[in-house]
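Values quoted throughout were computed directly from the atomic coordinates according to the rules given, and no laboratory measurement underlies them. Since this is a predicted model, take the numbers as computed values, not measurements. Heads up, the Cβs are rebuilt from the backbone with ideal geometry, glycines too, and the neighbour counts pull from every protein chain shown.
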Amino acid sequence: MAVCIAVIAKENYPLYIRSVPTQGELKFHYTVHTSLDVVEEKISGVGKALADQRELYLGLLYPTEDYKVYGYVTNSKVKFVIVVDSSNTSLRDNEIRSMFRKLHNSFTDVMCNPFYNPGDTIQSKAFDSIVSTMMVQAC
Amino acid sequence: MADEALFQFLHSEIIQYVNSAETGESENGRCVSKLENMGFRVGQGLIERFTKDTPRFKDELDVMKFICKDFWTSVFKKQIDNLRTNHQGIYVLQDNKFRLLTQLSAGKQYLEHAPKFLAFTCGLVRGALSNLGVKSIVTAEVSVMPACKFQVMIQKM
């Protein structure tokens, strides 16, 4: 269960960012912004093994004391960032991968929507509901 | 296969429609750019769907090869016959039997109408490349139908 989910465009501005409202949103915006640097570093991957380069899933970007940040890049250079609570140790890699898969599928549907102009913020209700299923339910 | 004909008919109708909407235009410049823009948006969406599961591309040449093989196969059920490059940002994609032109003629008849039929595909390629991070200008030329050449000029940012 994620605490914050963000979709960032090719030009590094947010297309969609949503976090659990109980905690400061600004902090999440900041975390996602700093994670972009790590993503860039992983994509450029100088000196990394070729196998790493071909994957879309980037894995754990960096852990902070409260949160863990995971990243994923599509072939169209759109980045997905998921922030999860560190205390939630039961989340396995496979579950994070499947969350990204769902996000990617949902994003592809948004892209194919004729009413969506690439580069605009995502306002699709369907996308919203997919994201809601993956976020920690605020009580 | 039935679905191939569907797209061809729809494509011809789109061209007819855009053409008739431009009454009084002596040159069909606007018609061609409208079709190209349509192709652009479609190309962007298509690429998002097609590259969902493919691994990341190594470089520009990899991207062009993807367009020539997988992309062309998905849209036109065949691959590009010949890809040439000068390694300085210009690629020429040659299709000897372009699907959207086979119904027009098998020689030089109707040559002046051919650009309209290629505009949508030019936009398709441009949109696909743009979504993969490659800014380009795509033009098409045809001398003997149904063979045609698409020229892609990569714009360095």
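Residues in the range A:74-125 that are in a loop (DSSP other than H, G, I, E, B), among the small types (Gly, Ala, Ser) and within 14 Å of another protein chain (Cβ to nearest Cβ): how many?
Selection size over the range A:74-125: 3.
Is at least one residue of the range B:42-51 away from every other protein chain (no Cβ under 14 Å) and small (Gly, Ala, Ser)?
Just the residues of the range B:42-51 that are away from every other protein chain (no Cβ under 14 Å), to begin with: none.
Within the range B:42-51, none of the residues are away from every other protein chain (no Cβ under 14 Å) and small (Gly, Ala, Ser).
Got a number for residues in the range A:5-26 being surrounded by fewer than 12 Cβ atoms within 10 Å (Cβ to Cβ) and aliphatic (A, V, I, L, M)?
So the answer is 1.
Restricting to the range A:72-112, count the residues that are hydrophobic (A, V, I, L, M, F, W, C), buried (at least 17 other Cβ atoms within 10 Å of the Cβ) and under 16 Å from residue A:4 (Cα atoms).
Matching residues across the range A:72-112 total 9.
Within the range B:58-81, how many residues are more than 20 Å from residue B:99 (Cα to Cα) and either within 12 Å of chain A (Cβ to nearest Cβ) or surrounded by 20 or more Cβ atoms within 10 Å (Cβ to Cβ) (or both)?
Of the range B:58-81, the ones more than 20 Å from residue B:99 (Cα to Cα) are B:58-63.
Next cut, either within 12 Å of chain A (Cβ to nearest Cβ) or surrounded by 20 or more Cβ atoms within 10 Å (Cβ to Cβ) (or both) only: B:58-59, B:62-63.
Total satisfying the criteria: 4.
Would you confirm, using the coordinates I've provided, whether residue B:33 is touching a helix residue (DSSP H, G or I) at 6+ places or on another chain (Cβ under 8 Å) and over 27 Å from residue A:55 (Cα atoms)? Explain how you work it out, then say what you get.
On the way: touching a helix residue (DSSP H, G or I) at 6+ places or on another chain (Cβ under 8 Å): yes; over 27 Å from residue A:55 (Cα atoms): yes.
Judged against the criteria, residue B:33 is a match.
For (1) surrounded by fewer than 18 Cβ atoms within 10 Å (Cβ to Cβ); (2) in contact (Cβ under 8 Å) with a residue 60 or more places away in the chain; (3) assigned to a strand (DSSP E or B), each residue gets a yes or a no:
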site: B:98; (1), (2), (3): no, no, no
site: B:101; (1), (2), (3): no, no, no
site: B:105; (1), (2), (3): yes, no, no
site: B:108; (1), (2), (3): yes, no, no
site: B:120; (1), (2), (3): no, yes, no
site: B:126; (1), (2), (3): no, yes, no
site: B:138; (1), (2), (3): no, no, yes
site: B:144; (1), (2), (3): yes, no, no
site: B:153; (1), (2), (3): yes, yes, yes
